[in-house]
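The numbers here are math on the coordinates, done by the rules we state, and not lab data. Please read these numbers as outputs of a predicted model, since none were measured by experiment. In this analysis, Cβ positions are derived from the backbone assuming ideal geometry, glycine residues included, and neighbour counts consider all displayed protein chains.
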Amino acid sequence: MTSSPPPVDLPVPAPPDDPGRSSSAAPVPEALAEPTVNVRAKWIAGVVLVNLGINAVLYAPINVLLGLQAEMIDPAGKEGILSLVTAFGAAVAMIGNPLTGALSDRTTSRFGRRAPWIFGGMLVAVVALGFLASISALVGGTDITGTTAVLALVVGWCVVQAGVNSAYSTIAAAVPDRAPIGQRASIGGLGAMGQTVGILCGAVIGFVIGGNVGLGYGLCAAVFAVAVVPYLIWRDDPVLPRGLAPKFALGPFLRAFWIDPRSHPDFGWAWFTRFLMFVGNQLTIVYLLFFLQDEIGHEHPAQGVLVLTGLYSIMVLITAVIAGRISDASGGRRKIFVAGSSVLIALAALILAFFPVWPAAVVAAGVLGMGFGAYLAVDFALITQVLPSANARGKDLGVVNIAATLPQVVAPTLAWLAVTKLGGYTTMFVMAALIGLVAAVLVYRIKSVP
């Protein structure tokens, strides 16, 4: 692709740990320059495929493989084992995502800043998936049992999460590194499409293995390895000159993860509205199986979940791409799309709250997919426009990703309180709707993005 002129060997801008220095008189090296030329279709395809591979590796184990292994270890306590394993994995994701993003910001490899972490994350995840497959064989052969097997499962899944989140944080940072503002919502929509197809791919892996857990992990590893190859071949990842990488000091490095919302209010509001949106979306789907079974009285609730998830995914695919293109074509308008998406998610929750019947659930699934698909595309572009510094995009996007990971802990807790203590499913869905509407209002506190 055509890109910015090569860097000139002159004094360079201040690193992120020294914001007081001025860089106005120095040319900006290509690795840190604001991109102005559209990226090519094959580069975008590489980004989409990495997103597909990441989500296939995450969702096949979460939805099927880890549960099967937990049942092998202890059929009576499988729910507790699965919750323990996924909780530790979520904790690693929350730490690993911003950490690897920050380290990639400082990487001066001749292969660029992001590509080494994508490749390395894939290798780590593939090895860990092989380890998880071996646990299944050992448990089946009675070589390990009980606590040892659970510990091995926790360790294996945490390492998978570490590898996957290395790729996740850095592929996200690659977009604002190389794509201009006017192209980012379109790429965000296509990335959301890759994410959704990856989730469906994970569901297919879980379906076709017929209980063969080792085969399932092998397929996950193969999908991830193949998915990152096009990006590595077509990457456009300029090298960061060594003089721009700040010297490592643990204190300043750790303090940099705190982004003061008083100094960067638009970033703070963008983080908070994303957190609310993901909490609202998670609240709407977290107890879907039980809702179909206990409230609607569906004869085959698992089948119902598959139907609703399929419809939801189709709508995400469609609206993510369309909304991203419309937002870019509108001159970069973002907030109206994010607010509209929030309203759609709230509407879906209210439909489920007050019309607990199967036809209404089908309508709600479609509306929820429309809202969340449009949101994923446009909010990604909005977030990239409020990052505090080009020097630290990987770290900053990693901090943003906590707003998507933390709801995996918060939403189930709120759902449990609503259903068991505060009035049931109606309360839970109304709570989700209110959270979505609050997000729709607060997005207008962001001033620097139209």
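Numerical summary
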| quantity | calculated |
| --- | --- |
| Residues located in the range 258-286, provided they are assigned to a loop (DSSP other than H, G, I, E, B) and surrounded by fewer than 17 Cβ atoms within 10 Å (Cβ to Cβ) | 258, 260, 261, 262, 263 |
| Which listed residue, of 70, 76, 87, is surrounded by fewer than 16 Cβ atoms within 10 Å (Cβ to Cβ) and farther than 30 Å from residue 173 by Cα | 76 |
| Test set (1) among the aromatic types (Phe, Trp, Tyr); (2) surrounded by 17 or more Cβ atoms within 10 Å (Cβ to Cβ); (3) more than 20 Å from the chain's Cα centre (by Cα); (4) over 23 Å from residue 408 (Cβ atoms) - residue 248 fails condition number | (2) |
| The one condition in (1) surrounded by fewer than 23 Cβ atoms within 10 Å (Cβ to Cβ); (2) closer than 18 Å to residue 55 by Cα; (3) touching a helix residue (DSSP H, G or I) at 6+ places or on another chain (Cβ under 6 Å) that residue 182 fails to fulfil | (2) |
| Residue tally, condition surrounded by 19 or more Cβ atoms within 10 Å (Cβ to Cβ) and more than 24 Å from the chain's Cα centre (by Cα), over the range 392-427 | 3 |
